[in-house]
Amino acid sequence: MTRAILIEQIRLKQSYLCVGLDTDPEKIPHSLHAFADPVFEFNKRIIDATLEHCIAYKLNTAFYEVSGAAGWESMQKTVEYIPSTHLKIADAKRGDIGNTSTLYARAFFETLSFDAVTVAPYMGEDSIRPFLEYTNKWTILLGLTSNAGAADFELQSHRDGLLYESVIRKASQWGTTENLMFVIGATRPEWFERIRAIAPDHFYLVPGVGAQGGSLKEISEKALNKDVGLLVNASRAIVYAGTGDDFADRAAAIAAGYAAEMAVYLKSNASV
């Protein structure tokens with residue numbers, strides 16, 4: 001999906017919501033276990049219920065890899081079910097020496113047909129380059145994450161500021177605003193204006209709203225730009241909004257609430 005199409009879809013729906021399909025078989029309604037593929041059935045119903053309220057879906061691959069071949073099959077069927085109008089993100093956090101990254105890129109962009117994949121920058125440009133070489137695909141690089149361990153490395157002082165700032169500056173030279181996004185955790189809203197000064201035109205994938213306590217209002221006020229520039233992800237708050245057979249309806253209600261709030265921020269932001 002190109003940047004232009006992504007922006008068009010955001011403006012059309014007045015939403016920059018990404019729904020995280022982090023599907024745990026132990027948390028889905030018991031009734032779904034009667035289906036041959038309970039995880040896919042759950043995902044399918046969540047997608048049907050939330051499609052009009054979001055512009056992207058993010059699958060954390062760990063929730064599928066843990067089930068081996070069956071999990072990968074559920075993931076592939078889910079990706080194929082999501083329509084092309086929505087960005088399909090593999091939250092895989094890959095990154096390795098060049099030839100290995102080439103295979104990772106092929107796995108997610110060709111075999112599984114994702115539009116985007118998250119990557120870890122620790123090994124440098126040659127570990128990221130194979131992902132960036134794909135046309136109309138997105139590489140989403142870890143910038144400033146929301147976990148406590150970010151203090152171990154990301155928030156350490158560096159010759160050019162904090163380490164995560166150096167990572168964003170350097171990585172911005174590898175890709176463009178057409179193929180490179182950054183992961184910026186929602187639980188650190190005080191950093192968003194500083195990050196926008198470093199990467200003013202890139203899209204940010206922002207996890208941590210909802211169950212992790214991130215503020216949609218703060219993020220939107222500090223990080224929206226002229227092209228919107230945000231994909232705000234909510235996972236547990238949406239997909240596990242209900243535990244009964246009405247789980248999809250409850251998910252739709254929460255997603256609709258996020259989308260309605262986003263529409264307000266889009267209209268009130270003079271640069272959008």
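The values are calculated or read from the model by the stated rules, or taken from the named source; none is laboratory data. Model, not experiment: these values are computed from the prediction. Backbone-built Cβ (ideal geometry, glycine too); neighbour counts: all protein chains shown. Keep in mind that these areas ignore ligands, DNA and RNA; they rest on the heavy atoms of the full protein, side chains included. Shrake-Rupley method; radii C 1.70, N 1.55, O 1.52, S 1.80 Å.
A 1.4 Å probe over all protein chains sorts T23, T187 by accessible area into T187, T23, starting with the largest.
Segment E73..A36, full-extension length gain: 12.1 nm, with 0.36 nm per residue of separation and the alpha-carbon distance subtracted.
The accessible surface of the chain, taken with every protein chain in place and a 1.4 Å probe, is 52 percent carbon and sulfur. The label point for N147 and the one for E110, both projected 7 Å from the Cα toward the Cβ, are 3.0 nm apart. Residues of the chain were split at every exposed loop site, defined as chymotrypsin sites (Phe, Trp or Tyr not before Pro) in a DSSP loop with at most 15 other C-beta atoms within 10 angstrom, and the longest piece left, sites excluded, is 154-272.
Find out how many positive minus negative residues lie around A237, taking Lys and Arg as positive, Asp and Glu as negative, among other residues whose Cβ is under 12 Å from that of A237.
Net of charged neighbours comes to +1.
Taken one residue at a time, the phi angles of region 245-256 give Karplus couplings (6.51, -1.76, 1.60, θ = phi - 60°) of 6, 8, 4, 5, 5, 5, 4, 4, 5, 5, 4, 5 Hz. Gly and Pro are set to x. Taking a ≥ b ≥ c as the square roots of the eigenvalues of the Cα gyration tensor, region 1-138 is classed as oblate, since a/c reaches at least 1.5 and a/b does not exceed b/c. Summing charges over all other residues whose Cβ lies under 14 Å from the Cβ of K13, with Lys and Arg as +1 and Asp and Glu as -1, gives -1. What region 31-86 shows is 42 Å² of accessible area per residue, with the surface traced by a 1.4 Å probe over protein heavy atoms.
Which shape class applies to region 81-238: rounded if a/c is under 1.5, otherwise prolate when a/b exceeds b/c and oblate if not, where a ≥ b ≥ c are the square roots of the Cα gyration tensor eigenvalues?
oblate
Along the Cα-to-Cβ line of Q173, 7 Å from the Cα, sits a label point; which residues in region 105-136 have backbone N less than 18 Å from it? The answer is 121-130, 132. Once the Cβ-Cβ distance of E218 and R129 is raised to the sixth power relative to R0 = 51 Å, the FRET efficiency obtained is 0.90. If you add up the charges near W138, with Lys and Arg at +1 and Asp and Glu at -1, over every other residue whose beta carbon is less than 11 angstrom from its beta carbon, what do you get? Net charge around W138: +1. FRET efficiency for the S166 to N99 pair, using the beta carbon distance and R₀ = 35 Å, is estimated at 0.85.
In the chain, the calculated helix contribution to ellipticity at 222 nm averages -11500 deg cm²/dmol per residue, counting -39,500 (n - 2.57) for every DSSP H run with n ≥ 4.
Annotation: extensible slack from A197 through D245 equals 12.7 nm (criterion: 0.36 nm per residue apart, minus Cα-Cα distance).
Where both bridge residues fall in the chain, DSSP classifies roughly 10% of the beta bridges as antiparallel.
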